[in-house]
Amino acid sequence: MYNTRMIEIGVGFFVALGLAALFLLAMKVSNLSEYGDQHKGYHLFARFQNIGSLKVRSPVKMAGVTIGRVSRISLDDENYEAVVEMRIQPKYNKLPDDSIASIYTAGLLGEQYIALEAGGSPDFLKDGDEIEITQSALVLEELIGRFFMKAGDKASDPADQ
Amino acid sequence: MLGVLQRLGHTTLSGFAKLGRANIFMLQVLSGSLEILIRPRLLIQQMYVVGVLSILLIGLSGFFVGMVLGLQGYNVLSDFGAEESLGVMIAASLVRELGPVVTALLFSGRAGSALTAEIGLMKTTEQLSGMEMMAVDPLRRVIAPRFYAGFFSMPLLAALFSFIGIYGGYFVGVGLLGVDEGAFWSQMQAAIDFREDIVNGVIKSLVFGIIVTWIAVFEGYDAIPTSEGVSRATTRSVVYSAFAVLGSDFILTALMFGE
């Protein structure tokens with residue numbers, strides 16, 4: 001029917017092609033290339049009044065560069081604050097211990113991330129340290145609500161006078 | 001009135017009987033799996049027929065599907081000023097859905113129908129009974145290699161489809177429409193998760209591979225041994241495969257991405 005050797009070469013080619021496609025999908029299309037670093041690095045904690053829609057695996061950035069990811073989010077039910085655990089890549093081990101953590105949104109509708117702003121302290125953050133100064137996520141509904149309250153106050157003021 | 005009831009009962013019973021035959025058949029094929037290890041050449045030959053000869057069809061279809069996704073996605077996304085998300089859209093839809101599903105549908109048309117017709121014709125010309133007379137189990141010798149060939153080929157073909165599709169979208173989006181190349185890849189990498197998207201896509205294609213080849217070989221084996229029976233079995237093989245793939249895709253998607 002067919003030449004056996006040609007068939008085997010064809011099947012070998014097919015399997016290699018399929019596996020290469022799978023490998024390239026994993027490396028080029030997905031975030032697998034970051035997976036190796038996932039269990040390395042050190043932990044930092046931060047407390048926020050409100051984390052908005054921050055999720056596990058959201059990026060932690062400093063000066064726009066991704067230096068780590070959020071590894072766990074939990075609620076402290078005594079102070080009613082969100083406790084965010086981040087894993088920072090080991091090569092970034094010179095973050096001043098008075099750095100500020102804020103939650104920002106990438107673009108108007110993008111995902112939320114934690115932005116670290118370096119402080120001026122000579123001491124560095126170590127594994128398990130907590131970032132003291134934090135700024136919560138901006139919740140759009142709250143902002144709009146506040147805006148309308150102000151607008152309402154202004155409108156009613158002249159009527160009173 | 002009774003006639004209608006009887007026909008309904010007959011349809012139900014024969015449906016269940018067929019389902020039972022399909023399951024017993026599958027168990028027998030699986031219990032004959034060792035034959036693959038003893039005679040790997042049988043599997044390789046079937047991989048050639050089922051997999052290698054499908055590469056061209058799968059690759060071309062993937063390329064065109066990716067290009068269409070690029071064009072359509074660009075039209076919609078540019079309304080929101082989000083052309084850079086084109087890569088995410090193309091990759092997510094290909095890896096999660098279109099890759100496994102379209103490959104399975106094409107595969108059932110290209111390879112599944114051929115399997116059904118081949119096995120059905122073997123049955124009609126009494127080659128299968130001939131094998132049994134020679135104490136060769138046709139389930140092990142004929143069916144098992146074909147089943148495993150489909151099972152192994154499907155995920156490889158689906159990966160190929162998705163990969164070529166993404167390059168088709170890249171060709172249209174970045175090459176022709178001028179989306180920024182860096183944003184195309186970097187947003188894709190940021191949004192597509194290995195475990196969530198790629199592994200789930202591979203699991204889907206494995207399940208579809210089992211379903212499509214199972215239906216194809218069973219319909220051939222269960223065909224009425226006449227020329228009309230074989231032609232009907234071939235039609236049923238493609239139709240049932242399409243239903244089963246689309247139905248199970250909904251269930252799998254609900255389980256995987258439904259949260």
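The values are calculated or read from the model by the stated rules, or taken from the named source; none is laboratory data. Given the structure is predicted, the values throughout are model-derived calculations rather than measurements. Note that each Cβ is placed from the backbone with ideal geometry, even for glycine, and that neighbours are counted across all protein chains shown. The protein model used for the area step is the full one, side chains on, heavy atoms only, and it has no ligands, DNA or RNA in it. Shrake-Rupley method; radii C 1.70, N 1.55, O 1.52, S 1.80 Å.
Does B:Arg141 qualify as being buried (at least 24 other Cβ atoms within 10 Å of the Cβ), charged (D, E, K, R) and closer than 30 Å to B:Ile36 by Cβ?
No, not satisfied.
What pairs come up if the first residue lies in the range A:1-21 and is of a type in the set (Phe, Trp, Tyr), the second is open to solvent by less than 50 Å² (accessible area, probe 1.4 Å) and part of a loop (DSSP other than H, G, I, E, B), and their beta carbons are under 7 Å apart, counting only those six or more places apart or on different chains?
Listed pairs, sorted by first residue: A:Phe14/B:Gly51.
Scan the range A:130-152 residue by residue and report those that are open to solvent by 40 Å² or more (accessible area, probe 1.4 Å) and in a strand (DSSP E or B).
Those that are open to solvent by 40 Å² or more (accessible area, probe 1.4 Å) and in a strand (DSSP E or B): A:Glu130, A:Ile133, A:Thr134, A:Gln135.
Take the range B:105-115 and flag every residue that is of a type in the set (A, V, I, L, M) and within 15 Å of B:Leu60 (Cα to Cα). It would help to see each step written out before you state the result.
Filtering the range B:105-115 for residues of a type in the set (A, V, I, L, M) gives B:105-106, B:111, B:114-115.
Correct list: B:Leu105, B:Leu106.
Inside the range B:17-112, counting only helices (runs of 4 or more DSSP H) that do not spill past its ends, which hold 3 or more residues that are among the aliphatic types (A, V, I, L, M) and either within 13 Å of chain A (Cβ to nearest Cβ) or open to solvent by 50 Å² or more (accessible area, probe 1.4 Å) (or both)?
Numbers: elements: B:34-38, B:40-50, B:55-79, B:86-92, B:99-107.
Per the criteria, B:34-38, B:40-50, B:55-79, B:86-92.
Quick check on the range A:20-33: of everything there that is closer than 16 Å to B:Leu156 by Cβ and more than 7 Å from chain B (Cβ to nearest Cβ), which residue is least open to solvent (accessible area, probe 1.4 Å)?
Going residue by residue through the range A:20-33, those that are closer than 16 Å to B:Leu156 by Cβ are A:20-26.
Pick out the ones that are also more than 7 Å from chain B (Cβ to nearest Cβ) and you get A:20, A:23.
Values: A:Ala20: 46, A:Phe23: 128 Å².
In this case the residue turns out to be A:Ala20.
Look at the range B:191-224 and say how many of its residues are away from chain A (no Cβ under 13 Å), assigned to a helix (DSSP H, G or I) and of a type in the set (A, V, I, L, M).
Going through the range B:191-224 one residue at a time, the tally reaches 7.
Could you check, for the range B:212-222, whether at least one of its residues is more than 28 Å from B:Met131 (Cα to Cα) and open to solvent by 40 Å² or more (accessible area, probe 1.4 Å)?
Keep residues of the range B:212-222 that are more than 28 Å from B:Met131 (Cα to Cα), which gives none.
No: the range B:212-222 contains no residue that is more than 28 Å from B:Met131 (Cα to Cα) and open to solvent by 40 Å² or more (accessible area, probe 1.4 Å).
Based on this model, can you work out whether A:Gly36 counts as modelled with pLDDT under 85, more than 9 Å from every other protein chain (Cβ to nearest Cβ), assigned to a helix (DSSP H, G or I) and open to solvent by less than 60 Å² (accessible area, probe 1.4 Å)?
Yes, satisfied.
Which of the residues spanning the range A:61-107 are surrounded by 16 or more Cβ atoms within 10 Å (Cβ to Cβ), assigned to a strand (DSSP E or B) and of a type in the set (Gly, Ala, Ser)?
Answer for the range A:61-107, where residues must be surrounded by 16 or more Cβ atoms within 10 Å (Cβ to Cβ), assigned to a strand (DSSP E or B) and of a type in the set (Gly, Ala, Ser): A:Gly68, A:Ser71, A:Ala82, A:Ala101, A:Ser102.
So is B:Tyr148 among the hydroxyl-bearing types (Ser, Thr, Tyr) and over 30 Å from B:Arg39 (Cα atoms) or not? Step through it out loud before you land on a result.
Details: among the hydroxyl-bearing types (Ser, Thr, Tyr): yes; over 30 Å from B:Arg39 (Cα atoms): no.
So B:Tyr148 does not fit the description; no.
Go through the range B:148-187 residue by residue and tally those that are farther than 26 Å from B:Gln45 by Cβ, open to solvent by less than 50 Å² (accessible area, probe 1.4 Å), within 13 Å of chain A (Cβ to nearest Cβ) and small (Gly, Ala, Ser).
Residues that pass the stated criteria total 4.
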